[in-house]
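Only one structure is covered here, and it is reproduced in the block below.
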Ligand SMILES: Cc1cc2nc3c(=O)[nH]c(=O)nc-3n(C[C@H](O)[C@H](O)[C@H](O)COP(=O)(O)OP(=O)(O)OC[C@H]3O[C@@H](n4cnc5c(N)ncnc54)[C@H](O)[C@@H]3O)c2cc1C
């Protein structure tokens, strides 16, 4: 199926992209990898009259370490993060990038596009919410930095103004003694997960000093498992504490039944994923090298 006709604009700079958006108003959409937008247009769920292509703007795709932060250009592809030695400093980023769909989609889809799309089933917002993440966004009025927890407000909804473009995503590198892991349950590789859990723990000895847990696909936005975090924070991370935390996470999930499974099934998955992700995160926090890959039906 072909998308409806549209006008194509090639932006040469972020400033020009912002000005093109401002001129076209609600009728315009930015084009990054097209991996969400083009399927939506083909299905007639989106019919923008103008597409502003970001792909010819220089210096919008990079992965850099500066002091204690990693910086990603908005146009950085999932596969570039998957294969980056710099991004490997934070292993949970590799778990996420390597598990998105298939090679073709990972080669085209971008980090900035994923966060701007705010799909409730998308992986990046879940993972990056367990870290200190912010987005630098450029509009006609200038640039502002938005923490990720303020950026996504609802399913498919962000605080971006109509003329704003995400320029860069910054992620604070967790301290020594911290480890994270991300696990999703998927029906097949090139589909979104049925449920997913990201866990980032910071240990002092065997005791959990800090923990962040987010659940994906079981709510309109990534859901924070605050009660589960409360169970683990200050506790020795043995089997019993992790089991109680998993039970708490199950009750904090807010899944909707759909073609991927019933609400009860997704809750059950959350419990299993939460336990496995926590064990992997703890081992990584202890300095072990642990390979993590998603679970498939
Ligand atoms: C078959 C299939 C399976 C998939 N499976 C998964 C999966 O398992 N997990 C997962 O996380 N994702 C999955 N995806 C989505 C994929 O990860 C895309 O990369 C992601 O949706 C974003 O697409 P994009 O970067 O190509 O952005 P586009 O599709 O080009 O744009 C998406 C939206 O973001 C806006 N936008 C893009 N860039 C910017 C920017 N810099 N600033 C402001 N707004 C911007 C666009 O205007 C548009 O509204 C899948 C996609 C397909 C087609």
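A few remarks follow.
- Unique residue being outside the structural domain of residue 22 (by TED's automatic domain parsing), in contact (Cβ under 8 Å) with a residue 60 or more places away in the chain and under 14 Å from the mean Cα position of the chain (by Cα) when the list is 165, 138, 126: 126
- Residue match in region 211-220 (condition: more than 29 Å from residue 65 (Cβ to Cβ) and within 11 Å of the ligand (Cβ to nearest atom)): yes
- The residues on offer are 101, 32, and the sole one that is near the ligand (Cβ under 8 Å from one of its atoms) and assigned by TED's automatic domain parsing to the domain that holds residue 13 is 32.
- Pairing residues of region 2-18 that are surrounded by 14 or more Cβ atoms within 10 Å (Cβ to Cβ) with residues that are assigned to a helix (DSSP H, G or I), at Cβ distances under 7 Å and at least 6 apart in sequence or on separate chains, gives 3/38; 3/41; 3/42; 9/20; 11/17; 11/20.
- Residue, nearest to residue 171 (Cα to Cα), within region 104-119, restricted to residues that are more than 7 Å from the ligand (Cβ to nearest atom) and surrounded by fewer than 18 Cβ atoms within 10 Å (Cβ to Cβ): 107
- Here no helices (runs of 4 or more DSSP H) wholly within region 221-297 include at least 2 residues being more than 23 Å from residue 149 (Cβ to Cβ) and outside the structural domain of residue 195 (by TED's automatic domain parsing).
- Residue tally, condition within 11 Å of the ligand (Cβ to nearest atom) and out of contact with any strand residue (DSSP E or B) (no Cβ under 6 Å at 6 or more places or on another chain), over region 82-97: 1
- Positions within region 1-29 being in a strand (DSSP E or B) and within 12 Å of the ligand (Cβ to nearest atom), in sequence order: 28, 29
- Positions within region 163-189 being within 16 Å of the ligand (Cβ to nearest atom) and farther than 30 Å from residue 13 by Cβ, in sequence order: 182, 183, 184, 185, 186, 187, 188, 189
- Residues being buried (at least 19 other Cβ atoms within 10 Å of the Cβ) and in a helix (DSSP H, G or I) - total across region 120-178: 7
- Residue 43 being surrounded by fewer than 14 Cβ atoms within 10 Å (Cβ to Cβ) and touching a residue at least 12 places away in the same chain (Cβ under 8 Å): yes
- Among residues of region 20-31 that are more than 15 Å from residue 45 (Cα to Cα), those with a Cβ under 8 angstrom from a residue that is more than 8 Å from the ligand (Cβ to nearest atom) and assigned to a helix (DSSP H, G or I), sequence gap 6+ or separate chain, pair up as 30/17; 30/21.
- The lone criterion from (1) in contact with a strand residue (DSSP E or B) (Cβ under 8 Å, 6 or more places away or on another chain); (2) part of a helix (DSSP H, G or I) left unmet by residue 72 is number (2).
- Residue check for residue 57: surrounded by 14 or more Cβ atoms within 10 Å (Cβ to Cβ), near the ligand (Cβ under 10 Å from one of its atoms) and in a loop (DSSP other than H, G, I, E, B): yes
- Residues that are in contact with a helix residue (DSSP H, G or I) (Cβ under 7 Å, 6 or more places away or on another chain) and not in a loop (DSSP other than H, G, I, E, B), drawn from region 109-119: 111, 114, 115
The values are calculated or read from the model by the stated rules, or taken from the named source; none is laboratory data. Bear in mind that the values here come from a model prediction, so they are computed numbers and not experimental data. Cβ sites come from the backbone with ideal geometry, for glycine too, and all protein chains shown count toward neighbours.
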